[in-house]
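*Asks:* Encoded as structure tokens, here's the structure I'll be asking about.
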Amino acid sequence: MVNILIISHSLKIAEGTKELAEEMKQDEIDIQIAGGINNGELGTDADLIEQKLKSMDCQDGIVVLADLGSAVMSFNMVKEWLPEEKQNLIRLANAPLVEGAVLGAVEASLGKNLEEVIATIEEKSIINKNNL
Amino acid sequence: MANKTKKILLETSDVIIENKEYLTELDAAIGDGDHGINLARGFKKLKEKLENETFTERNELFKLTAMTLISNVGGASGPLYGTAFLNISKVISDERLDLDDLVEIAEEAIAGIQKRGKAEAGEKTMLDTIIPAAESLKQSRDNNLDLETALNNCLETAAEGMKNTIEMQATKGRASYLGERSIGHQDPGATSAYLMIKTFITSYL
């Protein structure tokens, strides 16, 4: 199964996004968060991101959802520190955080592979909210 | 050489910590108002580590600076300055530095920042201080100026670069969300970069 890492400047955003995504799971996948710094302040914790990427099961891949600038920047930096074979199994989705995480949770828990999960998130996460 | 470098890094930490509120005020005007707080947190940690350890080589000092900023800053300036210092640690020797070395160091720092932030000159970022400062060092080297004159010119150019960000519109980072309203404010990253360059140069001379 593909697993999911949610990276946000805010611990509350990360926790809430995880809660929303968990609700849609069809089967067991691992959804982890790296939110905020120092237990609740706003910011991104590169060490925590590194720790999560190293400890999560990466056999079938990890999809990463991140919010703003330094979350993306810290993730890209930490990813480069990992062995190359692992780097290829960790993919940042080009998508809004909440929609991306919810879609990712559905697709990953349906047993889709990494490419399929990423493709669906990137295709469907920008929705027309005025014409649902 | 490592002792003098350690002293310069300690002075840099003090300068950033002293300017915590100033940098935060600049950032509050066009960003999320945490640049000073974030950098001061990183440099405070660096100071503790520098004071408690001994070093024999310059590259160890720059590597420690890089990793401490990456782990403790919490904002984009952590990976940006962190990668700059990490790149510097890869090229800096323990010999007395000449202008060729300084140009190489400046270019490596810029390459590190651009790798992470993908910014170019003129986007109202720290690079608008650092790129002109590096260009000034190159010109001084090509004109065979002595080190002291070169460093003084570099400092002057860095200050101009920082001030030039006032008229720029931000196209990178959180300030870019403000669009035209980012014009008229000095960039906090360009300011912290100037403070660092100023401390390096004045401590070195």
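*Asks:* In region B:38-68, which residue that is within 14 Å of chain A (Cβ to nearest Cβ), in contact with a Ser or Thr (Cβ under 8 Å, 6 or more places away or on another chain) and touching a residue at least 24 places away in the same chain (Cβ under 8 Å) is farthest from B:LYS20 (Cα to Cα)?
*Replies:* Applying the first criterion (within 14 Å of chain A (Cβ to nearest Cβ)) to region B:38-68 yields B:38-42, B:44-45, B:63, B:66-68.
Imposing the further condition that a residue be in contact with a Ser or Thr (Cβ under 8 Å, 6 or more places away or on another chain) reduces the set to B:38-39, B:42, B:44-45, B:63, B:66.
Now narrow it down to the ones that are touching a residue at least 24 places away in the same chain (Cβ under 8 Å): B:38-39, B:42, B:44-45, B:63.
On the way: B:ASN38: 8, B:LEU39: 8, B:GLY42: 11, B:LYS44: 11, B:LYS45: 14, B:LYS63: 23 Å.
Filtering first and then ranking leaves B:LYS63.
*Asks:* Within region A:51-80, track down each residue that is within 12 Å of chain B (Cβ to nearest Cβ), assigned to a loop (DSSP other than H, G, I, E, B) and modelled with pLDDT of 95 or more.
*Replies:* The answer is A:ASP67, and nothing else.
*Asks:* Return the total of residues in region B:100-118 being under 17 Å from A:MET77 (Cβ atoms), touching a residue at least 40 places away in the same chain (Cβ under 8 Å) and either among the polar types (S, T, N, Q) or surrounded by fewer than 21 Cβ atoms within 10 Å (Cβ to Cβ) (or both).
*Replies:* 1
*Asks:* Inspect all residues belonging to region B:86-95 and state whether any of them is surrounded by 21 or more Cβ atoms within 10 Å (Cβ to Cβ), without any contact (Cβ under 8 Å) to a residue 24 or more places away in the chain and within 14 Å of chain A (Cβ to nearest Cβ).
*Replies:* Scanning region B:86-95 turns up no residue that is surrounded by 21 or more Cβ atoms within 10 Å (Cβ to Cβ), without any contact (Cβ under 8 Å) to a residue 24 or more places away in the chain and within 14 Å of chain A (Cβ to nearest Cβ).
*Asks:* Run down B:THR129, B:THR125, B:THR157 and say which single residue is within 14 Å of chain A (Cβ to nearest Cβ), in contact with a helix residue (DSSP H, G or I) (Cβ under 9 Å, 6 or more places away or on another chain), hydroxyl-bearing (Ser, Thr, Tyr) and crowded, with 19+ Cβ neighbours inside 10 Å.
*Replies:* Among B:THR129, B:THR125, B:THR157, only B:THR125 is within 14 Å of chain A (Cβ to nearest Cβ), in contact with a helix residue (DSSP H, G or I) (Cβ under 9 Å, 6 or more places away or on another chain), hydroxyl-bearing (Ser, Thr, Tyr) and crowded, with 19+ Cβ neighbours inside 10 Å.
*Asks:* Could I ask something else about it? For A:LYS129, indicate whether it is more than 14 Å from chain B (Cβ to nearest Cβ), basic (Lys, Arg) and either farther than 30 Å from B:TYR81 by Cα or in a loop (DSSP other than H, G, I, E, B) (or both). Show your work before the answer.
*Replies:* Details: more than 14 Å from chain B (Cβ to nearest Cβ): yes; basic (Lys, Arg): yes; either farther than 30 Å from B:TYR81 by Cα or in a loop (DSSP other than H, G, I, E, B) (or both): yes.
So A:LYS129 passes the test.
The values are calculated or read from the model by the stated rules, or taken from the named source; none is laboratory data. Nothing here was measured: the structure is a model prediction, and the numbers come from that model. Methodologically, a virtual Cβ is constructed for each residue, glycine included, from the backbone with ideal geometry; neighbour enumeration extends over all protein chains shown.
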